[in-house]
Amino acid sequence: MSPRTDASGTPNIRDVDLKLEVVVIPVSDVDRAKEFYGRLGWRLDKTPPGVVQFTPQGSDCSVQFGPNLMSAAPGSAKAYLVVSDVEVARKALVAAGVEASEVFHIGPEGPVNGVDPERRSYFSRTTFSDPDGNNWLVQEVTTRLPGRIEAAATSFTSVSDLAGALRRAAAAHGEHEKRTGQEDPNWPDWYAEYMVSEQSGAELPQ
């Protein structure tokens, strides 16, 4: 759909979709970086000569590096990755030969070892770096902050994310049936409402 325009025919920037496509990171050894990001299981994309591009599984945004793509010092980048289970993600990173930090969460006075006791979104994290020192912070997010995602645009970009959302919906629905004291024959509708509300940050059904 074309963006709306004013009387002079000028489009409104708020109506123009701007999707983040690529983040460029500085590396000193392209082959070494290519081996590292390939070890993470990220997809190696076809690109023009001199550009290496990887896309993390489940991500719409890719990472690029190459010998002449940027002037920033190698290792100076910092970026965030989002996962539905930070403990599972850390185990997978370690199994791939990546030195990931112990899982920690953000407390009132700073980082604290272990996952957030209430398993709140955005609180539980782990970190790792590529061979140049570019830092990746991995944070657990299951419920978005209100307004972060439009309810009509919610989506699941991987089998594991969808499976995790279904498990959380099933657990919540079990509590729902305990409260009502009866089986819910419309559980598919309840699951759907719960999963969309969780992802968009809306109030969860009870």
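The values are calculated or read from the model by the stated rules, or taken from the named source; none is laboratory data. None of these values were measured; they are calculated from a predicted model. Every residue, glycine as well, gets a Cβ built from its backbone with ideal geometry; the counts of neighbours run over all protein chains shown.
Keeping to segment 146-180, report how many residues are hydrophobic (A, V, I, L, M, F, W, C), modelled with pLDDT under 70 and closer than 18 Å to Ser84 by Cα. Number of matching residues: 1. Candidates Glu109, Glu118, Glu102: the one that is exposed (fewer than 13 other Cβ atoms within 10 Å of the Cβ), closer than 30 Å to Ser28 by Cα and more than 18 Å from the chain's Cα centre (by Cα) is Glu102. The number of residues in segment 65-80 that are part of a strand (DSSP E or B) and crowded, with 18+ Cβ neighbours inside 10 Å comes to 1.
Here Pro205 fulfils each of the conditions (1) of a type outside the set (Gly, Ala, Ser); (2) under 30 Å from Val24 (Cα atoms); (3) assigned to a loop (DSSP other than H, G, I, E, B) apart from (2).
Which members of segment 32-60 meet the condition of being surrounded by 13 or more Cβ atoms within 10 Å (Cβ to Cβ), basic (Lys, Arg) and within 21 Å of the chain's Cα centre (by Cα)? Matches in segment 32-60: Arg43 only. Please work out if Thr143 is among the hydroxyl-bearing types (Ser, Thr, Tyr), farther than 23 Å from Ser28 by Cα, surrounded by 14 or more Cβ atoms within 10 Å (Cβ to Cβ) and modelled with pLDDT of 95 or more. No, not satisfied.
The residue that is modelled with the lowest pLDDT, among those in segment 1-29 that are loosely packed, with under 10 Cβ neighbours inside 10 Å and basic (Lys, Arg), is Arg14.
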